[in-house]
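Here's the structure we're looking at; comments come further down.
The values are calculated or read from the model by the stated rules, or taken from the named source; none is laboratory data. This structure is a prediction, so every number in the text was calculated from the model and none was measured. All Cβ positions, even for glycine, are placed from backbone atoms using ideal geometry, and neighbour counts span all protein chains on display. What goes into the accessible areas is simple: the full protein's heavy atoms, side chains included, and nothing from ligands, DNA or RNA. Shrake-Rupley method; radii C 1.70, N 1.55, O 1.52, S 1.80 Å.
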Amino acid sequence: MKTVRPKKNLGQHFLTDLNIAKAIADTVDACPGLPVLEVGPGMGVLTQFLMPKGRELKVVEIDKESVAYLNENYPELRQSIVGEDFLRMDLNSLFNGRKFVLTGNYPYDISSQIFFKMLDNKELIPCCTGMIQREVALRMASAPGSKAYGILSVLLQAWYDVEYLFTVDENVFNPPPKVKSAVIRMTRNGVDDLGCDWALFRKVVKTVFNQRRKMLRSSLKPLFQGDLPGDDFFGQDIMAKRPEQLAISQFVELTNMVGQKLKPGD
């Protein structure tokens, strides 16, 4: 079968450098013993290096042409090719509720959505590796005080240790993307209880970073319906900070402060 035509609407950029493909596949070795799910295998450039690892392996691919290519060229994988949209899948059904490693050369335009879905299934996914747009990888791994520190940084680092592993140049893809890529690894950090309401934590983080140049005393106001809290709330020292100055523990503290002031139904 001829090779698969990269589709712009699916954000496909096929990796052509086999050394880099092997290096990406080897990132799952840090999480031994678990099944592996590869998202967006395309023509199997990573898959071919994942298969010999002796792990239970499944691949999920939305592109029908890629599914046909994989079926023809990797017949031993036929029962493990899932032709669905990862973002719509029930991940509990993949390995009968067992934990697994998530990996892939992720489509740039949905990489953040993939990681938000990972967060929704964090008890199933103790380890995630793969390649994404370099700018997104830098945001994910950035520390407080950095311009790149934002919503994705805080939400992911609340539950995962994020490692920026290496940069990948544009010229090893077909077609070459307009930006550099990077390989990352995320490993659950041992936090089982964040110490606050997770849904409210997410809401607080997103609200304040939507106005990241403002101090918290201003950016928090949209969270409150009706009467705003008084100086006992907005007059506290933390309210003079901007969101990129806060560590995860301070966001937990802030979430609990907001929770105490919110009226039922807010």
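The figures follow:
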| read-out | value |
| --- | --- |
| Pairs from K53/K117; K117/K203; K53/K122; K122/K214 whose Cα-Cα separation, in the structure shown, is over 21 Å | K53/K117; K53/K122; K122/K214 |
| Summed side-chain charge close to G190 - residues other than G190 whose Cβ falls under 14 Å, Lys, Arg +1, Asp, Glu -1 | -2 |
| CD proxy at 222 nm, helix term only [per DSSP H run n ≥ 4: -39500 (n - 2.57); per residue of the chain; nearest 500] | -8000 deg cm²/dmol |
| Sparse-neighbour loop sites [chymotrypsin sites (Phe, Trp or Tyr not before Pro); the stretch 118-226; at most 15 other C-beta within 10 Å; DSSP] | F224 |
| Surface per residue (accessible, 1.4 Å probe) for the chain, Å² | 48 Å² |
| Cα long-axis angle, helix 248-261 against the chain (0 to 90 degrees, to the nearest 10) | 50 degrees |
| Charge dipole (the stretch 100-256, unit charges on Cβ, about Cα centre) - positive-most of P175, Y106, L223 | P175 |
| Accessible carbon and sulfur surface of the stretch 8-79 relative to its total accessible area, %, 1.4 Å | 52 percent |
| Debye log10 I(q)/I(0) at q = 0.10, 0.12, 0.13 Å⁻¹ for the chain, Cα point scatterers | -0.56, -0.76, -0.86 |
| Sites matching trypsin sites (Lys or Arg not before Pro) across the stretch 120-223 that sit in DSSP coil, with at most 15 neighbouring C-beta atoms within 10 Å | K147, K178, K180, R212, R213, K214 |
| The chain: antiparallel DSSP beta bridges as a percent of all, rounded to 5 | 55 percent |
| Semi-axis lengths, Å, the stretch 177-235, gyration tensor of Cα atoms, sqrt of 5 times eigenvalues | 31, 19, 10 |
| Backbone N under 16 Å from the N171 label point (7 Å along Cα→Cβ), restricted to the stretch 15-47 | 16-20 |
| Taking only Cα atoms of the stretch 153-266, radius of gyration then Dmax in Å | 18.1, 58 |
| Carbon and sulfur %, accessible surface of the stretch 129-170 computed with the full protein complex present, 1.4 Å | 48 percent |
| Efficiency of FRET between D192 and Q225 - r from beta-carbon atoms, R0 35 angstrom, step 0.05 | 0.65 |
| Accessible surface of the stretch 192-266, 1.4 Å probe, proportion on carbon and sulfur as whole % | 43 percent |
| Gain in span if fully extended, D29 to Q245, counting 0.36 nm per residue against the direct Cα distance | 74.3 nm |
| Probe 1.4 Å - accessible area at I132, Å² to nearest ten | 0 Å² |
| C-alpha center-to-center spacing [the stretch 71-133, the stretch 8-51] in angstrom | 11 Å |
| Residues E163 and D232, FRET efficiency given R0 of 45 Å [Cβ-Cβ distance, rounded to 0.05] | 0.65 |
| Proximal aspartates and glutamates relative to K147, as straight alpha-carbon distance under 13 Å, when same-chain residues fewer than 8 apart are discounted | E135, E244 |
